[in-house]
Amino acid sequence: MADMPHVLVVGAGAIGSFYGAIAKRAGCAVSVVLRSEYDVVRERGFAISSPLGDLSYRPDHVYRDGDTPVATPDYVICCVKVLPGIDRAALLAPWVGPDTGIVLIENGIDIEPAVAEAFPDNPLISCLAFIAVSRTDEPAVIEHKAFGRLTMGAWPAGVTDDCRALEALFTDGGINVKLADQVVGERWAKSLWNTPFNPLSVLADGADTVTMLDTPGGEALAREMMAEVKAVAAADGHPLPDDAIDKNIAGTRKMPAYRNSMALDYLHGRPMEIQAILGNVVALAERYGVAVPRLSTMATILAMRDRLAEGDA
């Protein structure tokens, strides 16, 4: 490895371009693979406003799918949405060398196995992003509003030298990083909120958190769904604290009215990560024999919506 690593981002949308900017700020060479906005990024790079300062940068290389990398990167950061029909392993394959570390900064539960099976000899680092960042209406212009912390660990468990090196890199770039010996347990902790609230917001036509909790019966329903997630997490070997639901509800009530990422995807007609965030939890519940009637009902209704949408396409 050179003095400073070469980082390549696959899926350089709002989140991918932000963490690319942090790596660039730390002194790394940063390349990106794009499906859209290729010409704009190649010409002038990313414009990123942030509480951390101006994070705008021009990638060292800008690639399209099908291009050949100039050099094999030390780390490939995957920030594509986890969606049915998208083969993440195939998207990563052209950019992964024998010693390349694969870094997943993605949502959901049980999202690592498909990548691990495709690249069994490469280090795999799983990350959860806690960040408010979004695209603007102008191409390649990103607004970072708050946060940016990463929780990361080796998959399926442990903290490796690769994790520590990446932690140091991102820390030098200006964000906080939490190393987690049990990153799957950290995913379950995040899913306790994401799995009920994200899909529920879609079924409620893009409702914000205040609407969901203040509607009569809303908080009770959210708590019941969170209890189902908690039961599946325990069956998967990652029990959550007894007060986890109370703390999540209290924290949500402290926030101003907030539309989560899935609600925004729904309102803008974008693909939604329903399978990764909800479907995989229901599938694990079935595997372990855990009853999750509310989550299963929500998954079935959303599948009906998808079927209607496919019929209209």
| message | Eigenvalues of the Cα gyration tensor times 5, then square-rooted: what semi-axes does that give for region 164-219, in whole angstrom, largest first? | response | 34, 14, 9
| request: Would you check the chain for Lys pairs whose C-alpha atoms are within less than 27 Å, ignoring same-chain pairs closer than 8 in sequence, and give me the count? | output: 20
| message | Suppose we take every Cα in region 31-131 and form the convex hull; what volume per residue is that in Å³? | response | 121
| Which value at 222 nm does the chain reach when only helices count, each DSSP H run of 4 or more adding -39,500 (n - 2.57), with the total divided by all residues and rounded to the nearest 500 deg cm²/dmol? | -13000 deg cm²/dmol
| message | If you split all Cα-Cα distances of the chain into 10 Å bins from zero, what percentages do you get per bin, shortest first? | response | 6, 26, 35, 24, 9, 0
| message | Pairwise over distinct Cα atoms, reciprocal of the mean inverse distance: report the Kirkwood radius of region 70-219 in Å, one decimal place. | response | 17.1
| request: Could you do me a favour and compute the accessible area per residue for the chain, 1.4 Å probe, result in Å²? | output: 46
| message | Can you tell me the length gained on complete extension of the stretch R35 to T300, counting 0.36 nm per residue apart and subtracting the Cα distance? | response | 92.3 nm
| task | Write down Rg/Rh for region 183-244, rounded to two decimals, with Rg from the C-alpha atoms and Rh from the Kirkwood relation over Cα pairs. | result | 1.01
| field | Directionally averaged projected area (convex hull, Cα atoms, region 170-313), nm² | value | 10.4
| said: Between region 1-72 and region 139-161, what is the separation of their alpha carbon centroids in Å? | reply: 15
| query | Taking springs between alpha-carbon atoms closer than 10 angstrom, which of N107, N176, N194 fluctuates most in the Gaussian network model of the chain? | reply | N176
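The values are calculated or read from the model by the stated rules, or taken from the named source; none is laboratory data. Please read these numbers as outputs of a predicted model, since none were measured by experiment. Heads up: the accessible areas ignore ligands, DNA and RNA and are worked out on the full protein's heavy atoms, side chains in. Shrake-Rupley method; radii C 1.70, N 1.55, O 1.52, S 1.80 Å.
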